[in-house]
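Contents: one structure, followed by commentary.
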Amino acid sequence: MTEQAPTRVALYSFAQHTNRRVAEFRWQPGEAVLLDILDPKWGALARDFYDNGVPSGAERVPPQAGADFMRALLQRFRMSYYKFVDESD
């Protein structure tokens with residue numbers, strides 16, 4: 001992929017009629033992807049993606065893929081209660 005990769009992606013939960021930031025992924029070229037879980041209950045999806053990779057077609061993109069992992073977080077998922085948002089500077 002040639003487009004610039006996001007450096008900060010937040011996961012928001014819309015459960016219980018709230019717009020709550022529950023996790024944040026951070027990445028810089030040459031460094032590992034970092035994950036901060038802000039809400040352990042609703043941030044479980046972020047932990048799963050970090051531990052097992054982001055589903056992308058028939059494969060999963062691991063956090064070790066850096067830029068590709070961050071881009072994969074922003075693909076369209078069919079989720080009612082969650083949304084990944086690019087919050088890069």
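The values are calculated or read from the model by the stated rules, or taken from the named source; none is laboratory data. For clarity, every value in this text was computed on a predicted model and none was experimentally measured. Cβ: placed from backbone, ideal geometry, glycine included. Neighbour counts: every protein chain shown.
Kindly indicate whether ARG8 is under 13 Å from TYR82 (Cβ atoms) and among the charged types (D, E, K, R).
Against the criterion (under 13 Å from TYR82 (Cβ atoms) and among the charged types (D, E, K, R)), ARG8 does not qualify.
May I ask you to list the residues in the stretch 51-65 that are surrounded by fewer than 20 Cβ atoms within 10 Å (Cβ to Cβ) and out of contact with any Gly (no Cβ under 6 Å at 6 or more places or on another chain)?
Answer for the stretch 51-65, where residues must be surrounded by fewer than 20 Cβ atoms within 10 Å (Cβ to Cβ) and out of contact with any Gly (no Cβ under 6 Å at 6 or more places or on another chain): ASP51, ASN52, GLY53, PRO55, SER56, GLY57, ALA58, GLU59, GLN64, ALA65.
Small (Gly, Ala, Ser), in a strand (DSSP E or B) and at pLDDT 95 or above: is that true of ALA32 in this structure?
Criteria not met by ALA32.
Only residues that are small (Gly, Ala, Ser), in contact (Cβ under 8 Å) with a residue 12 or more places away in the chain and more than 23 Å from GLN16 (Cα to Cα): list them for the stretch 41-64, please.
Start the filter on the stretch 41-64 by keeping residues that are small (Gly, Ala, Ser), which leaves 43-44, 46, 53, 56-58.
Filter again for in contact (Cβ under 8 Å) with a residue 12 or more places away in the chain, leaving 43, 46, 53, 56.
Scanning the stretch 41-64 gives GLY53, SER56.
Take VAL9 and tell me if it is touching a Pro at 6+ places or on another chain (Cβ under 6 Å), surrounded by 12 or more Cβ atoms within 10 Å (Cβ to Cβ), within 22 Å of SER56 (Cα to Cα) and at pLDDT 95 or above.
No: the conditions fail for VAL9.
Are any residues in the stretch 32-43 over 13 Å from ALA10 (Cβ atoms) and surrounded by 14 or more Cβ atoms within 10 Å (Cβ to Cβ), and if so, which ones?
Within the stretch 32-43, just VAL33 meets the criteria.
Mind checking whether some residue in the stretch 66-76 is within 16 Å of ALA10 (Cα to Cα), surrounded by fewer than 12 Cβ atoms within 10 Å (Cβ to Cβ) and out of contact with any helix residue (DSSP H, G or I) (no Cβ under 7 Å at 6 or more places or on another chain)?
Scanning the stretch 66-76, I find at least one residue that is within 16 Å of ALA10 (Cα to Cα), surrounded by fewer than 12 Cβ atoms within 10 Å (Cβ to Cβ) and out of contact with any helix residue (DSSP H, G or I) (no Cβ under 7 Å at 6 or more places or on another chain), so the answer is yes.
For the stretch 2-29, which positions are touching a strand residue (DSSP E or B) at 6+ places or on another chain (Cβ under 8 Å), assigned to a loop (DSSP other than H, G, I, E, B) and under 23 Å from ALA65 (Cα atoms)?
Answer for the stretch 2-29, where residues must be touching a strand residue (DSSP E or B) at 6+ places or on another chain (Cβ under 8 Å), assigned to a loop (DSSP other than H, G, I, E, B) and under 23 Å from ALA65 (Cα atoms): PRO6, THR7, TRP27.
Which of the residues spanning the stretch 14-28 are at pLDDT 95 or above and out of contact with any helix residue (DSSP H, G or I) (no Cβ under 6 Å at 6 or more places or on another chain)?
Once the filter is applied, which keeps residues that are at pLDDT 95 or above and out of contact with any helix residue (DSSP H, G or I) (no Cβ under 6 Å at 6 or more places or on another chain), the stretch 14-28 yields ARG21, VAL22, GLU24, PHE25, ARG26, GLN28.
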